Amino acid sequence: MTKHSMPEMKEGGVNVTPLIDIVMCLIIFFILVAKIGVSTGIDSSIKNPESYLGVKISDMGNVLALNLYKKGVGDEPQVVVNLPGRPKTDVPIMVGEPGSPNKRFPLQELLTEIKKVKGEAFKVVINAGTTTTPSTDAAGNPLPPNPDGTPAVNTNELEYAQVSIVLQQCAQAGVTNVHFAMKKGTKELHAR
Amino acid sequence: MKMKGAKAVHYDSGPNMTPLVDVVMVILIFLMLAGSFGAASHFLPNNMPITTKGKGKVTDVVITEVPKITVSVIPFEGSFKATSPDLRDEKNQIMALTTQEALLNALNAMRIKKQNSGTKAEDMQIIIAPSKTLKFQHVMSVYEAAMVAEWPKIGFAAP
């Protein structure tokens with residue numbers, strides 16, 4: 001007579017297989033959808049004005065972002081661009097003495113060159129607003145924090161004089177598709 | 001007292017899934033926090049008018065002059081003041097508009113008046129003429145007001 005052994009018992013537990021399936025699907029979704037480390041060329045340290053209106057630009061491939069900073073003197077702004085494959089570049093508005101035959105307009109030349117390649121789809125984004133820089137003394141040493149503990153910073157807000165120079169360069173390069181980078185505002189505007 | 005012949009029960013639990021689930025959750029949280037759904041982008045568009053005058057002139061394009069309303073904007077008490085010879089009150093005085101809402105209402109009323117008088121959309125243009133020292137955020141406030149007032153063409157004048 002053969003001995004029959006008791007069948008092996010399995011403790012009924014939670015089946016985690018569907019959980020892992022769903023989590024894997026979510027991971028694949030986020031890997032495909034999320035854009036990690038994609039540079040748009042826009043300097044996020046510039047605080048843009050708020051606007052309730054605005055559009056999203058889905059295709060940033062045909063966009064050149066011009067980051068504007070206020071220089072210490074004069075109306076000409078500092079323009080920094082981040083071209084694909086190249087480090088951030090300071091592009092001067094004008095090089096050479098005004099009135100001299102050797103003067104050039106590097107920003108206008110750059111915009112003209114890119115417009116020739118990209119055509120009418122080319123857009124320029126002007127990223128302007130307020131920037132903060134650490135306050136320094138006459139010797140260039142950083143100042144100590146304010147009495148309330150906040151860091152001592154200089155707030156530089158761009159004025160129309162600087163922006164209009166860049167708009168003129170865009171117009172002279174034949175670029176009419178110009179957007180202004182804004183921060184999404186919550187204050188709704190309606191005409192009465 | 002153990003019964004003779006009874007087999008010890010052992011549990012076949014299989015591989016331990018807990019570390020796998022832990023790692024997968026960590027990866028998921030990382031991706032949710034580190035990624036962003038597209039670049040943060042919010043832009044005010046502007047189709048700049050081509051002009052044959054001024055520094056922005058383009059001489060190889062033939063354009064027709066479009067009647068326009070010029071709105072001058074200057075800094076005023078930490079904000080701005082906008083005036084235009086075409087924006088007048090009931091007493092025919094030039095209005096000094098110092099808030100975005102007031103400017104919006106005035107521009108909207110002017111736009112409706114022009115449309116009701118039969119002016120075509122392609123003949124309706126606003127030129128914003130800010131002063132050199134006007135802060136950029138106020139320039140954008142004025143521009144936004146003109147956009148909400150649904151003016152078909154909005155341009156900027158050189159200071």
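The values are calculated or read from the model by the stated rules, or taken from the named source; none is laboratory data. Source: prediction; values computed, not measured. All Cβ positions, even for glycine, are placed from backbone atoms using ideal geometry, and neighbour counts span all protein chains on display.
If you check A:Val125, A:Val166, A:Val178 for being touching a helix residue (DSSP H, G or I) at 6+ places or on another chain (Cβ under 6 Å), closer than 30 Å to B:Val148 by Cα and among the β-branched types (Val, Ile, Thr), only one passes: A:Val178.
Kindly evaluate A:Glu188 against the criterion of being closer than 22 Å to B:Pro159 by Cα, in contact (Cβ under 8 Å) with a residue 12 or more places away in the chain and of a type in the set (Asp, Glu).
So A:Glu188 fails the test.
Given the condition more than 14 Å from every other protein chain (Cβ to nearest Cβ) and either more than 24 Å from B:His138 (Cα to Cα) or of a type in the set (Val, Ile, Thr) (or both), answer yes or no: does some residue in region A:152-174 qualify? Steps first, answer last, please.
If we filter region A:152-174 for residues that are more than 14 Å from every other protein chain (Cβ to nearest Cβ), which is where we start, we get A:152-154.
Narrowing the set further to residues that are either more than 24 Å from B:His138 (Cα to Cα) or of a type in the set (Val, Ile, Thr) (or both) leaves A:152-153.
There is at least one residue in region A:152-174 that is more than 14 Å from every other protein chain (Cβ to nearest Cβ) and either more than 24 Å from B:His138 (Cα to Cα) or of a type in the set (Val, Ile, Thr) (or both).
For region A:92-103, the condition of being at pLDDT 85 or above, more than 16 Å from the chain's Cα centre (by Cα) and either buried (at least 16 other Cβ atoms within 10 Å of the Cβ) or over 18 Å from A:Asn177 (Cβ atoms) (or both) holds for at least one residue.
Does A:Ala152 qualify as being within 25 Å of A:Asn48 (Cα to Cα) and in contact with a helix residue (DSSP H, G or I) (Cβ under 7 Å, 6 or more places away or on another chain)?
Working: within 25 Å of A:Asn48 (Cα to Cα): yes; in contact with a helix residue (DSSP H, G or I) (Cβ under 7 Å, 6 or more places away or on another chain): no.
No; evaluated as a whole, the condition is false for this residue.
Only one entry of A:Gly61, A:Gly54 meets the criterion of being within 12 Å of another protein chain (Cβ to nearest Cβ), buried (at least 18 other Cβ atoms within 10 Å of the Cβ), of a type outside the set (A, V, I, L, M, F, W, C) and within 16 Å of the chain's Cα centre (by Cα), and that entry is A:Gly54.
Among the residues in region A:90-100, are any closer than 30 Å to A:Ser51 by Cβ and among the hydroxyl-bearing types (Ser, Thr, Tyr)? Looking for residues that are closer than 30 Å to A:Ser51 by Cβ and among the hydroxyl-bearing types (Ser, Thr, Tyr), one finds none in region A:90-100, hence no.
In region A:64-91, of all residues being basic (Lys, Arg) and surrounded by fewer than 20 Cβ atoms within 10 Å (Cβ to Cβ), the one that is nearest to A:Ala128 (Cα to Cα) corresponds to A:Lys71. Here B:Ala149 fulfils each of the conditions (1) more than 23 Å from A:Thr130 (Cβ to Cβ); (2) buried (at least 20 other Cβ atoms within 10 Å of the Cβ); (3) touching a strand residue (DSSP E or B) at 6+ places or on another chain (Cβ under 7 Å) apart from (3).
Could you list all residues from region A:104-152 that are hydrophobic (A, V, I, L, M, F, W, C) and modelled with pLDDT of 80 or more?
Of everything in region A:104-152, those that are hydrophobic (A, V, I, L, M, F, W, C) and modelled with pLDDT of 80 or more turn out to be A:Phe105, A:Leu107, A:Leu110, A:Leu111, A:Ile114, A:Val117, A:Ala121, A:Phe122, A:Val124, A:Val125, A:Ile126, A:Ala128.
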